[in-house]
1. Does region B:42-51 hold any residues that are touching a residue at least 12 places away in the same chain (Cβ under 8 Å) and either within 7 Å of chain A (Cβ to nearest Cβ) or part of a loop (DSSP other than H, G, I, E, B) (or both), and which are they?
2. Could you say whether any residue in region A:135-148 is touching a residue at least 12 places away in the same chain (Cβ under 8 Å), surrounded by 24 or more Cβ atoms within 10 Å (Cβ to Cβ) and of a type in the set (D, E, K, R)?
3. Please verify whether region A:418-434 includes one or more residues that are facing chain B (nearest Cβ under 9 Å) and in contact with a Lys or Arg (Cβ under 9 Å, 6 or more places away or on another chain).
4. Could you tell me how many of the residues in region A:354-367 are touching a helix residue (DSSP H, G or I) at 6+ places or on another chain (Cβ under 7 Å), among the small types (Gly, Ala, Ser) and without any contact (Cβ under 8 Å) to a residue 24 or more places away in the chain?
5. Would you point out the residue of region B:65-97, among those that are assigned to a loop (DSSP other than H, G, I, E, B) and among the aliphatic types (A, V, I, L, M), that is nearest to residue A:109 (Cα to Cα)?
6. Among the residues of region B:94-110, is there at least one that is surrounded by 10 or more Cβ atoms within 10 Å (Cβ to Cβ), facing another protein chain (nearest Cβ under 8 Å) and farther than 21 Å from residue A:369 by Cβ?
7. Give region A:115-134 a look and list any residue that's in a loop (DSSP other than H, G, I, E, B) and either in contact (Cβ under 8 Å) with a residue 12 or more places away in the chain or more than 14 Å from chain B (Cβ to nearest Cβ) (or both), or say none.
8. Here is a check on your reading of the model: is residue A:413 more than 24 Å from residue A:296 (Cβ to Cβ), within 17 Å of the chain's Cα centre (by Cα) and buried (at least 20 other Cβ atoms within 10 Å of the Cβ)?
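The values are calculated or read from the model by the stated rules, or taken from the named source; none is laboratory data. Here the structure is a predicted model, which is why all the values come from computation and not from measurement. Positions of Cβ are backbone-derived with ideal geometry, glycine not excepted, and every protein chain shown enters the neighbour counts.
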Amino acid sequence: MPLVERTSTSGSRRSSKNSPWGLPMNELYTLTAHEAADLLRDRKISSVELTKVHLERIGAVESDVQSFVSITEDVALADAAAADKRIAMGDGGPLTGIPMQLKDNIVTCGVKTTCSSRMLENFIPPYDATVTLRLKEAGAVLLGKGNMDEFAMGSSTENSAFHPTRNPWLLDCVPGGSSGGPAAAVAAGEALYALGSDTGGSIRQPASFCGVVGVKPTYGLVSRFGLVAFGSSLDQIGPLTKDVQDAAEVLAATAGYDPNDSTSIDRQVDNFSQNLRGEIKGMRLGVPREYLDGLDEQVEGVLQRAINKLQELGASIDYEVSLPSTSHALAVYYIVAPSEASANLARYDGVRYGLQVPDAESIWDAMEKARQRGFGTEVKRRIMLGAYALSAGYYDAYYLKAAKVRTLIRHEFDEAFKKLDALVTPTSPTLPFRFGERSTDPVSMYRSDVATIPVNIAGIPALSIPAGFVEGLPVGMQIIGPALSEPKLFQIAHAYEQATGWHKLRAPVN
Amino acid sequence: MIIMSSAHRPWSPNLALTLKEVVHIASLVRIGMSEQDLESFRDELSKILDQFEVLKTIDTENVAPTAHPVDINNVFKDDIATEPLDSEAVLSNAPRREDLYFRVKAVLEE
């Protein structure tokens, strides 16, 4: 498959006669958010123009990609007009006037938020998530809400109750999940950035599959207030972007203490984009051998070349690191996350909001029918699994045991980071797979997240960055660091990105 | 990867779920199910539970459990009254309502 070189940096486009900003107006969707912000700041384009270009792009490719659950054209144009006023007054920031998508489990006041579930098909939140508010304050433009696996449970976006999302690099393949909509929207040029959520890899794995940057921040760095809860001790909101600088800017705008989230870390937020010009000479990186088990050969080849590049850039690579509990992380996760989910999803009782069941005979019948019809199979499976793991007689054997092994996994990371600045692993052990390939076997689907899950269990940060291609399909590299090491992760990722240029490639969808 | 033989079950007498257990879990979580749903969940959940057997081989004798990845305890908020959500906006999502109340079927049965 031919790779399409992004055009904005090529000389011929820059010198195009008709466009003082260097790129034909109808190709502005190929820019990164920070490049677009420069054009807005210099008044070369307006946010309304930029937003219309994105709405047109959505019109052109959405029937193939299907990354949106809802498109909020009116909201977007109003946001853009307001942003243009701010910019005219010199009051703009890096995200002012930049069109974006929010995953549909992030609540938006007055804008339908469905979690891609029949249960919440008509739910209109009466308040904003903290991240929604912070982006509004930053002057963001909301294009719409991103498709996802129902209640963020899945690794392919095939579990959306509405429609699957397709991978912009190859429409026969899944975009990953559960933030498949946000990853595909950014990869397809439908949004300049997106926010997703990551409970076991739901930002990083789709970022890897769609060839974009995805960040799972340290637990507690970004407020979860207004994120529809799945696994409360694991969930984090984070950015999906076209390059590392954008990821740093979006994280900076959304991170920070929030009294509405009692697990929020009360600490000054780092200036994440500050370290991006630094080099990585002398950086100590490790490649834990357990993450190479069962790795697809082609993915391993890409990863090896990426690691060699990091070494060329002056980092030392330790191949002797071992995190022996890695192989237990999957079992720990599939006990802890469903246990928390079974409690969190108990609120969907069809009384205060949610699916309407007109034919119920009693209040209990109404609840059972609402939950039977409102939830998809995977959601039911996890609620059942969690309820079993927490039930009398099984709690010690499942939940408590998993919570203890969780401690061992955390300690192994702590030990590794005494000697190392970061760990480098594949993001996904395989290339993007085809529709239906895994959806009939839950256990094989669960294994998609084998390299990302340990990070959530330990509460530490990690990001996925494009590291190459196999037969036209993107492959991501995961960089994992200790708690609150985001500035260093961005520094490593940026050095690698600038040395390789994978981030300049754009998906061939038109 | 989690690989575990079914022969290795140190303390679980019969791991595969019985239909009765699945019916019980479904009633705990209040999800209506057909006979067919119950059968397929029995099969799938048993296979998933098999994958958890590996944990039983790990020594966690003196290990404290982690419920949460950050060590924060007793987070309090100041007791300051704030504006509540708008009742109309909240009630507009209710499947059934009456005035400023959610309407439900009778809770107490005869």
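1. Hits for region B:42-51 are B:45, B:51.
2. Within region A:135-148, one or more residues are touching a residue at least 12 places away in the same chain (Cβ under 8 Å), surrounded by 24 or more Cβ atoms within 10 Å (Cβ to Cβ) and of a type in the set (D, E, K, R).
3. First pass over region A:418-434, keeping only residues facing chain B (nearest Cβ under 9 Å): none.
No; the residues of region A:418-434 include none that is facing chain B (nearest Cβ under 9 Å) and in contact with a Lys or Arg (Cβ under 9 Å, 6 or more places away or on another chain).
4. 1
5. So, considering only residues that are assigned to a loop (DSSP other than H, G, I, E, B) and among the aliphatic types (A, V, I, L, M), the one nearest to residue A:109 (Cα to Cα) is B:85.
6. no
7. Selection gives A:115, A:116, A:117, A:121, A:123, A:124, A:125, A:126, A:127, A:128, A:129.
8. So residue A:413 does not fit the description; no.
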